[in-house]
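Working notes, beginning with the structure itself.
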Amino acid sequence: MTALSLKRIYQDKLNTVVMIMALTLVITTPLIIFASLYTKSSMLFASDHSLWDLLFSSAWEPTKGKFGFLPFIISSIEITILSVIIAAPICFLVAIHLTQYAKHWFVKIMYPVTDILAGIPSVVYGVWGILVVVPLVSDVIAPFFGIQTTGYTLLTGAIVLSIMIIPFILNILIEILNTVPFELTEAGLSLGSTRWQVIKHIILKKAKPGIISAFGLGIARAFGETIAVLMVAGNVIKIPDGLFSASYPLPALIANNYGEMMSIPLYDSALMFGALILFVTIFLFNLVSRIVIYRLERSL
Amino acid sequence: MWGIKLIGKKTEELIFKQLMRLANAIILFVIGLIVFTIMRKGLPALSWEIISQVPKGGYYFGGEGGVLNAIVGSIYLAFGATFLAFVISLPSALFINVHLQKHKKLQDIIRLFIDVMWGIPSVVYGAFAFGIMIYMGIRASLMAGIVTVAIFIMPIMIRGMDEVLKMVPKTLFESGLSLGSTKYELSYRIFFKQCIPGIATAILLSFGRAFGDVAAVLFTAGFTDNIPTSLTQPAATLPLAIFFQLSSPIPEVQNRAYAAAAILTFIILAISVFGRMALRKYKKNSIN
């Protein structure tokens, strides 16, 4: 009897150790990623590249040792902002509809639909972008503004990207709108407000920080998306001058040059620095947005 | 006066309701359009040859063969990565929910941290792993790809499991303790068993992610025309095969990229439907 319980105790202790090790491994991963990317890119700083030059110079000539990330950073920022501008109103309206107005059967249709949209691999979005959005931009949208283009533009990338981040933002928005207690809606309605007044003045006001954070997470997601954007955005190294100009976002740069990076000195360090910029930006955006959402969920 | 204001509010509500309809319609239209486009372009190009053969000589210039190497490579990679991630994710998720039951603050911090990790794009994981591989002198291989993808899907899997483990009623935890269970028994015999359907869904979701990802394997798994026979060989993956073939100027090769995209979409949709069915079928055995 004692032997048996001793066995159980040891089993329990051993298991606790294993669990702690597993969790520690998970938690330390971002720290290891940061440390290793930083170590790799610090070779760049050691050889006379100041942080300022790397971030704010637009001279990108790897063979001459010039690494100015400005065109890529600007491309990334523009394509991200544009895609969130396209996706935001759609997500916002659908989230309000699904949480406040929609019939049960409609919600039952929309949830799997957004799940499927979220599950489609980014390379398929890229193929779809090439087949549908590129011709749409080059044959319909650009001629409408009197511009000739191949269709591989900033706008194309942003449209494809916006479709990709819709399910992501939508899920978080729905989660946030559902945290607003139903009693508040009841109280509003009993005072004679219309449904829309309740939504506008009570629910949205209550959920405002969460809604902003949801879009923050969407920005972070869009900023890091790689393959689909790489396939449709054009990839020309210059600061884009308008919606119909080709652009070259940071993740595309990293993914496109993995083959050549070993042949040119410091090139791999430069690309690791690119990954570091992505990592730090996205980490901070996610952290702030998530903290706001957690606070909101606790307070309600 | 009040009447006019109310009418104004009513119109505003009506306008927004119409806009909501429009927004819903856009989403439904787009998903329909995506599946329709991929299937319409891909299905005519699809043939038994593409599914059952590896690329032969001159394949990338329109020669004979198929993408079997990439399909098998993706399956190996996704299974390997999902298994590896599972081995680490399950203990982690159980630890958060069983051992840290009393430490709400710590639970929150860990969940926050894992949520943040979830947001990190796969290209960063890929670049990181590539940096490590150069440093250690490892070449692109199936093993390197599996490890990278496993790290990348771990946060998704843990949070997926965590969401269902969180729902286990506290009374169940307490009755387990009152019967004299150790934390180990609570974890694996009560919490784990209670949440099997939800955990299966989390695993399938991560499997789908692993199957469809490009940016993490681009650097780490390499690409080859052969089916890998050991973990140290490079492996082709289906998304990467689509990407490469599509950048070819030859229409025949491009058509095969569309066919491969149709296969990939079909597999992902099947995983999604299967996950949903699994969840429904086993849900009736759990108490909540």
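Rundown of residues vs (1) more than 11 Å from chain A (Cβ to nearest Cβ); (2) in contact (Cβ under 8 Å) with a residue 12 or more places away in the chain, yes/no style:
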| site | (1), (2) |
| --- | --- |
| B:ALA25 | no, no |
| B:PHE36 | no, no |
| B:GLY63 | yes, no |
| B:ALA70 | yes, yes |
| B:LYS105 | no, no |
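Please tell me if A:TYR294 is assigned to a loop (DSSP other than H, G, I, E, B) and hydroxyl-bearing (Ser, Thr, Tyr). No; evaluated as a whole, the condition is false for this residue. When the stretch A:35-56 is filtered for residues that are modelled with pLDDT of 80 or more and either touching a strand residue (DSSP E or B) at 6+ places or on another chain (Cβ under 7 Å) or crowded, with 16+ Cβ neighbours inside 10 Å (or both), the ones remaining, listed by number, are A:SER36, A:LEU37, A:LYS40, A:SER41, A:MET43, A:LEU44. The set of residues in the stretch A:104-118 being open to solvent by less than 30 Å² (accessible area, probe 1.4 Å) and facing chain B (nearest Cβ under 10 Å) consists of A:MET110, A:VAL113, A:THR114, A:LEU117.
In the stretch B:149-160, what residues are among the hydrophobic types (A, V, I, L, M, F, W, C) and within 12 Å of chain A (Cβ to nearest Cβ)?
B:ALA150, B:ILE151, B:PHE152, B:ILE153, B:MET154, B:ILE156, B:MET157, B:ILE158
Among the residues of the stretch B:41-62, the ones that are open to solvent by 20 Å² or more (accessible area, probe 1.4 Å) and part of a loop (DSSP other than H, G, I, E, B) come to 8 in all.
Residues in the stretch B:211-253 that are outside any loop (DSSP other than H, G, I, E, B), open to solvent by 10 Å² or more (accessible area, probe 1.4 Å) and more than 9 Å from chain A (Cβ to nearest Cβ): B:PHE244, B:PRO251, B:GLU252.
For B:LEU106, are the conditions met, namely being part of a helix (DSSP H, G or I) and open to solvent by 20 Å² or more (accessible area, probe 1.4 Å)?
On the way: part of a helix (DSSP H, G or I): yes; open to solvent by 20 Å² or more (accessible area, probe 1.4 Å): yes.
It is true that B:LEU106 is part of a helix (DSSP H, G or I) and open to solvent by 20 Å² or more (accessible area, probe 1.4 Å).
In this structure, is B:GLY137 over 19 Å from the mean Cα position of the chain (by Cα), within 18 Å of A:SER36 (Cα to Cα) and open to solvent by 10 Å² or more (accessible area, probe 1.4 Å)?
On the way: over 19 Å from the mean Cα position of the chain (by Cα): yes; within 18 Å of A:SER36 (Cα to Cα): yes; open to solvent by 10 Å² or more (accessible area, probe 1.4 Å): yes.
In short, yes.
Residue count for the stretch B:155-174 under the criterion of being assigned to a helix (DSSP H, G or I), out of contact with any helix residue (DSSP H, G or I) (no Cβ under 6 Å at 6 or more places or on another chain) and surrounded by 13 or more Cβ atoms within 10 Å (Cβ to Cβ): the result is 3.
If the condition is being outside any helix (DSSP H, G or I) and over 30 Å from B:PHE95 (Cα atoms), then the stretch A:1-53 contributes A:SER47, A:ASP48, A:HIS49, A:SER50. Scanning the stretch B:191-210 for residues that are without any contact (Cβ under 8 Å) to a residue 60 or more places away in the chain and away from chain A (no Cβ under 14 Å) yields one hit, B:LYS193.
Identify all residues within the stretch A:275-300 that are small (Gly, Ala, Ser) and either open to solvent by 30 Å² or more (accessible area, probe 1.4 Å) or within 8 Å of chain B (Cβ to nearest Cβ) (or both); write none if there are none.
Step one: list which residues in the stretch A:275-300 are small (Gly, Ala, Ser), which gives A:275, A:289, A:299.
Passing the criteria: A:ALA275, A:SER299.
Of everything in the stretch B:260-275, what is within 14 Å of A:ASP115 (Cβ to Cβ) and either at the interface with chain A (Cβ under 7 Å from one of its Cβ atoms) or without any contact (Cβ under 8 Å) to a residue 60 or more places away in the chain (or both)? Give them in sequence order.
Here is the first cut: in the stretch B:260-275, the ones within 14 Å of A:ASP115 (Cβ to Cβ) are B:268-275.
Of everything in the stretch B:260-275, those that are within 14 Å of A:ASP115 (Cβ to Cβ) and either at the interface with chain A (Cβ under 7 Å from one of its Cβ atoms) or without any contact (Cβ under 8 Å) to a residue 60 or more places away in the chain (or both) turn out to be B:ILE268, B:LEU269, B:ALA270, B:SER272, B:VAL273.
Among the residues of the stretch B:45-83, those identified as within 17 Å of the chain's Cα centre (by Cα), more than 13 Å from B:ALA241 (Cα to Cα) and of a type outside the set (Gly, Ala, Ser) are B:ILE75, B:TYR76, B:LEU77, B:PHE79, B:THR82, B:PHE83.
May I ask you to say which residue of B:ILE96, B:ILE114, B:ILE88 is out of contact with any Ser or Thr (no Cβ under 6 Å at 6 or more places or on another chain) and either among the aromatic types (Phe, Trp, Tyr) or open to solvent by 10 Å² or more (accessible area, probe 1.4 Å) (or both)?
B:ILE88
Against the condition closer than 30 Å to A:GLY234 by Cβ, within 12 Å of chain B (Cβ to nearest Cβ) and modelled with pLDDT of 90 or more, how does A:LEU98 come out, does it pass? Criteria not met by A:LEU98. Among the residues of the stretch A:236-255, are any in contact with a Gly (Cβ under 7 Å, 6 or more places away or on another chain), small (Gly, Ala, Ser) and farther than 25 Å from A:PRO30 by Cβ? Yes, that holds for at least one residue. The residues listed here are A:LEU31, A:LEU14; of these, the one that is open to solvent by 80 Å² or more (accessible area, probe 1.4 Å), within 19 Å of B:TYR188 (Cβ to Cβ), hydrophobic (A, V, I, L, M, F, W, C) and within 14 Å of chain B (Cβ to nearest Cβ) is A:LEU14.
Of all residues in the stretch A:232-248, none satisfies being acidic (Asp, Glu) and either within 21 Å of A:SER289 (Cβ to Cβ) or in contact (Cβ under 8 Å) with a residue 40 or more places away in the chain (or both).
Within the stretch B:120-134, the set of residues being open to solvent by 10 Å² or more (accessible area, probe 1.4 Å) and within 27 Å of B:ILE199 (Cβ to Cβ) comprises B:PRO121, B:SER122, B:ALA129.
The values are calculated or read from the model by the stated rules, or taken from the named source; none is laboratory data. Since the structure is predicted, the reported quantities are computational estimates derived from the model, not experimental observations. Every residue, glycine as well, gets a Cβ built from its backbone with ideal geometry; the counts of neighbours run over all protein chains shown. Note: accessible area is taken over every heavy atom of the protein model, side chains too, but ligands, DNA and RNA are not part of it. Shrake-Rupley method; radii C 1.70, N 1.55, O 1.52, S 1.80 Å.
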